[in-house]
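The values are calculated or read from the model by the stated rules, or taken from the named source; none is laboratory data. Predicted model only: the values in this text are computed from it and were never measured. Every residue, glycine among them, receives a Cβ derived from its backbone with ideal geometry; neighbour counts consider all protein chains shown. Note: areas computed on protein heavy atoms with side chains; ligands, DNA, RNA excluded. Shrake-Rupley method; radii C 1.70, N 1.55, O 1.52, S 1.80 Å.
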Amino acid sequence: MKLIPTLAIALVIIAVSAFDGSAQTEGNAPILPRPDFKYKGNVGRTIMESDPPQFPVPAKAPAGAPNIVLILIDDAGYGQFGTYGGAIETLALDRVAKSGLRYTRFHTTALCSPTRAAMLTGRNHHSVSNGVITEAATGYDGYTGMIPGSAGTIAQILRQYGYATAWFGKNHNTPDWETSVNGPFDRWPSGYGFDYFYGFMGGDCDQWHPTLYEDHTLVQSSSDPNYILTTDLTDHAITWLRRTRSIDQKKPFFLYMATGATHAPHHVTPEYIAKFKGKFDGGWDVYREETFNRQKQLGVIPKNTLLTPRPKELPSWESLSASQKKLFSRMMEVFAAFTSETDHEMGRLLDVVMSLPDADNTIIMYQVGDNGSSAEGGLVGLLNENSFFNGVPETLEDNLKHIDEIGGPKHFNHFPAGWAWAMNTPFQWTKQIASHLGGVRNPIVISWPKRIKDAGGVRSQFHHVIDLAPTIYEAVGITPPITMNGVTQAPIEGVSMVYSFDDAAAKERHRQQYFEMFINRGMYADGWWAASRVGIPWETGETKISPDDATWELYDLTNDYSQATDLAKSQPKKLRELQDLWWAEAAKYKVLPMDPRKIVRLSAEMQGRPTPTKGLTHFEYYEGAEAIPAGSAPNLLNKSWTITAQITGNKSKTEGAIFSMGGSDGGFGLYVIKGKPFYSMNFLGQKITRVESKKAIPSTASTIRAEFTYDGGGIGKGGMMSLFIDDEKVGETRVDRTHPISLGLGGTLDIGVDTGSVVDDETYSPPFRFNGKISKVTVDLKP
């Protein structure tokens with residue numbers, strides 16, 4: 001029911017006056033947090049003259065409230081996991097499916113931050129200002145990247161009903177300019193209601209050398225040579241769960257595990273890669289056909305489903321050269337290994353969950369993908385995903401030279417678009433393409449042994465990621481508050497899925513849903529789907545097609561599960577009906593104005609986002625400044641600049657990083673090796689240009705200065721690199737190209753160390769701490 005604002009306010013006032021939260025600790029609370037405790041008895045002059053004491057009773061969940069484990073895999077497609085017919089065995093997901101339900105018409109938003117914001121709040125992604133990833137935020141209501149206070153999250157509500165809450169892994173829902181350890185923290189996981197957080201900030205993460213936070217504190221890099229991220233996340237989740245249950249065995253928990261896998265970079269141990277050697281030599285066309293047949297056998301697609309054809313923009317496997325097949329097969333072997341390892345680690349977590357005494361009263365939601373598999377690797381794949389974000393192509397010849405290193409710590413690799421299309425079998429298209437099911441239809445498996453009796457069942461009702469929050473609320477037995485933290489709450493826009501738990505044939509309740517990403521649009525209503533695609537996911541420029549001139553397609557999903565038969569010409573009235581409905585929904589949910597731009601929006605400077613560095617040209621840094629994220633660091637791209645370091649050398653042998661920004665996928669570094677300063681520029685991992693000083697620094701105080709004089713004349717141009725010791729020029733060279741848009745989604749600024757992956761992996765290894773003293777480092781930007 002829709003409430004006009006005046007009526008909503010009146011109901012809040014009535015609720016406030018009627019609700020006495022001093023004694024109520026369970027049941028539905030229309031206002032959160034509850035009012036402060038107030039003693040109800042008589043208070044005399046002394047204890048002997050007063051009624052017996054009372055204490056505030058801790059908040060409690062409703063009787064029988066279940067534990068909740070929510071697993072979210074990154075960048076995964078419908079035909080990827082073996083549970084849904086993929087060629088990669090996924091035993092952990094299989095186990096959940098055998099005790100629960102597989103949903104075959106579940107949908108996401110086609111992109112990362114938007115899906116996650118919608119999932120956590122139960123509202124559409126534009127409604128909660130996450131119409132695109134946070135690093136591409138613009139200054140319109142649907143696109144600020146800032147989840148509003150009127151959209152309370154699952155964790156914010158559950159923790160006020162007595163739940164322990166924890167988040168592990170990827171957080172891509174904090175505005176880019178608020179991700180430093182300075183905060184503010186109201187849009188970090190703690191602000192979103194999670195008592196504990198262990199994970200990384202941003203869209204992707206080096207799996208070998210991640211930049212991690214525990215709550216609000218930077219985690220020091222691991223010295224374990226066998227370290228890899230997903231194992232670490234799982235270990236911390238298990239530790240948290242065991243610790244929580246050791247302290248209070250009756251306290252229900254909400255555990256949210258958001259892996260960085262299977263988003264690029266596809267990093268995985270060699271042992272897993274070896275298991276898949278030669279298994280994908282048949283290519284992506286054959287993979288689609290074989291997966292399609294397995295999906296029919298498993299019952300995760302209807303028997304009358306058609307396999308959609310390969311887009312004309314993608315080459316057939318047979319048209320590729322032998323060298324291309326060799327490289328692309330290897331990239332898929334690595335991706336399969338990455339998927340397998342990830343599911344194995346989820347299995348370790350689920351082993352512990354299922355060993356608990358109340359395992360039967362635990363809801364497990366295992367969602368495979370926040371969008372379809374990613375085609376951002378382009379037609380030939382990438383050694384460095386950051387090449388995509390800068391619109392810089394890579395060559396087959398260069399990538400072949402590094403074929404045996406793919407999956408290891410040297411590269412930020414991504415497989416070709418053809419494999420992404422295959423991972424999304426049987427649908428058209430991929431991540432980013434919200435108009436077609438390859439971008440938005442993802443597997444989800446839900447188990448709850450105490451409640452779901454149709455173990456191993458399949459559910460075909462239409463659902464969307466905004467339905468998870470209301471499903472959890474209904475399962476727990478609570479109603480979202482009218483007011484939270486003093487802010488009137490916006491209506492929940494999703495629909496609970498609980499009705500489908502007992503009845504495979506239940507009439508679906510999520511009857512219409514809009515989709516939009518980069519002007520790729522979809523409109524679902526009562527079995528029909530209108531689709532308008534304007535972009536190619538691996539192309540980085542903005543589309544030149546006006547929304548009014550874009551072609552629309554029409555599909556009857558009731559009889560055409562995979563969007564194989566376009567009915568636009570034969571059903572023009574139905575198409576027009578859905579087009580008009582899309583525009584109405586777009587206005588209602590803050591989709592407008594649509595924006596076709598992609599990589600240009602990644603530049604905070606170009607977009608005018610409110611970064612801490614906005615308008616500044618002079619910066620001062622000191623030892624201890626580590627892992628400052630790009631959103632809080634000066635933008636060194638497309639301009640001249642100077643880095644000046646006041647240091648004191650080590651009397652024996654001075655070494656270490658002085659200043660670094662970025663990582664192995666691109667960046668800048670000023671460091672000392674055996675007493676001699678070096679100044680490096682890493683261009684997208686393709687080429688490192690290095691200035692080596694002709695002399696060593698003294699063991700006494702000295703000033704080292706690195707200058708870059710930009711050529712100008714546009715973005716991504718070259719310039720001169722000059723190195724000075726105490727104003728004496730000690731080296732100089734020229735660099736022909738620089739990053740035009742981004743140093744990467746995860747690169748950071750460090751003083752006295754190089755955290756994460758290093759800028760110059762040819763000359764040093766992380767963390768490469770400076771063994772002298774750094775008094776101050778200044779950065780000065782020039783026009």
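Can you tell me which residue among T46, T6 is more than 15 Å from I478 (Cβ to Cβ) and either at pLDDT 95 or above or aromatic (F, W, Y) (or both)? Walk me through how you get there before you give the answer.
On the way: T6 fails: either at pLDDT 95 or above or aromatic (F, W, Y) (or both).
Selected residue: T46, the only one of T46, T6 that is more than 15 Å from I478 (Cβ to Cβ) and either at pLDDT 95 or above or aromatic (F, W, Y) (or both).
Out of the residues in the stretch 323-350 meeting the condition of being within 19 Å of the chain's Cα centre (by Cα) and hydroxyl-bearing (S, T, Y), tell me which one is farthest from L229 (Cα to Cα). First the steps, then the outcome.
Going through the stretch 323-350, the residues within 19 Å of the chain's Cα centre (by Cα) turn out to be 335, 338-339, 341-343, 345-346.
Narrowing further to those that are hydroxyl-bearing (S, T, Y): 339, 342.
On the way: T339: 13, T342: 10 Å.
That would be T339.
Given (1) over 29 Å from the mean Cα position of the chain (by Cα); (2) open to solvent by less than 10 Å² (accessible area, probe 1.4 Å), identify the lone condition not met by T362.
(1) is the only condition that T362 fails.
Looking at the stretch 19-30, is at least one residue open to solvent by less than 40 Å² (accessible area, probe 1.4 Å), in contact with a strand residue (DSSP E or B) (Cβ under 9 Å, 6 or more places away or on another chain), modelled with pLDDT under 85 and of a type in the set (G, A, S)?
yes
Select from the stretch 589-614 the residues that are out of contact with any helix residue (DSSP H, G or I) (no Cβ under 8 Å at 6 or more places or on another chain), at pLDDT 95 or above and open to solvent by less than 30 Å² (accessible area, probe 1.4 Å) and list them in ascending order.
Hits for the stretch 589-614: nothing passes.
Would you be able to tell me the number of residues in the stretch 696-709 that are surrounded by fewer than 20 Cβ atoms within 10 Å (Cβ to Cβ), among the hydrophobic types (A, V, I, L, M, F, W, C) and in a strand (DSSP E or B)?
Adding up the residues that qualify gives 1.
Please go through the stretch 710-753 and pick out each residue that is over 30 Å from K598 (Cβ atoms) and surrounded by fewer than 20 Cβ atoms within 10 Å (Cβ to Cβ).
Those that are over 30 Å from K598 (Cβ atoms) and surrounded by fewer than 20 Cβ atoms within 10 Å (Cβ to Cβ): M720, S722, D726, D727, E728, K729, E732, T733, R734.
Given the options K279, K250, name the one that is modelled with pLDDT under 95, open to solvent by 70 Å² or more (accessible area, probe 1.4 Å) and among the basic types (K, R).
Among K279, K250, only K250 is modelled with pLDDT under 95, open to solvent by 70 Å² or more (accessible area, probe 1.4 Å) and among the basic types (K, R).
Of these, R288, R242, which one is outside any loop (DSSP other than H, G, I, E, B), touching a residue at least 60 places away in the same chain (Cβ under 8 Å) and surrounded by fewer than 17 Cβ atoms within 10 Å (Cβ to Cβ)?
R242
Do you know which residues across the stretch 505-550 are open to solvent by 30 Å² or more (accessible area, probe 1.4 Å), without any contact (Cβ under 8 Å) to a residue 60 or more places away in the chain and either under 25 Å from I599 (Cβ atoms) or of a type outside the set (D, E, K, R) (or both)?
Passing the criteria: A505, W528, E539, E542, K544, I545, S546, P547, D548, D549.
Among the residues of the stretch 551-588, what is the count of those that are closer than 30 Å to I741 by Cα and either open to solvent by 30 Å² or more (accessible area, probe 1.4 Å) or at pLDDT below 95 (or both)?
Within the stretch 551-588, residues that are closer than 30 Å to I741 by Cα and either open to solvent by 30 Å² or more (accessible area, probe 1.4 Å) or at pLDDT below 95 (or both) number 0.
Taking the stretch 161-210 as the search range and keeping residues that are open to solvent by 30 Å² or more (accessible area, probe 1.4 Å) and polar (S, T, N, Q), which one is nearest to P481 (Cα to Cα)?
Per the stated criteria, the residue is S190.
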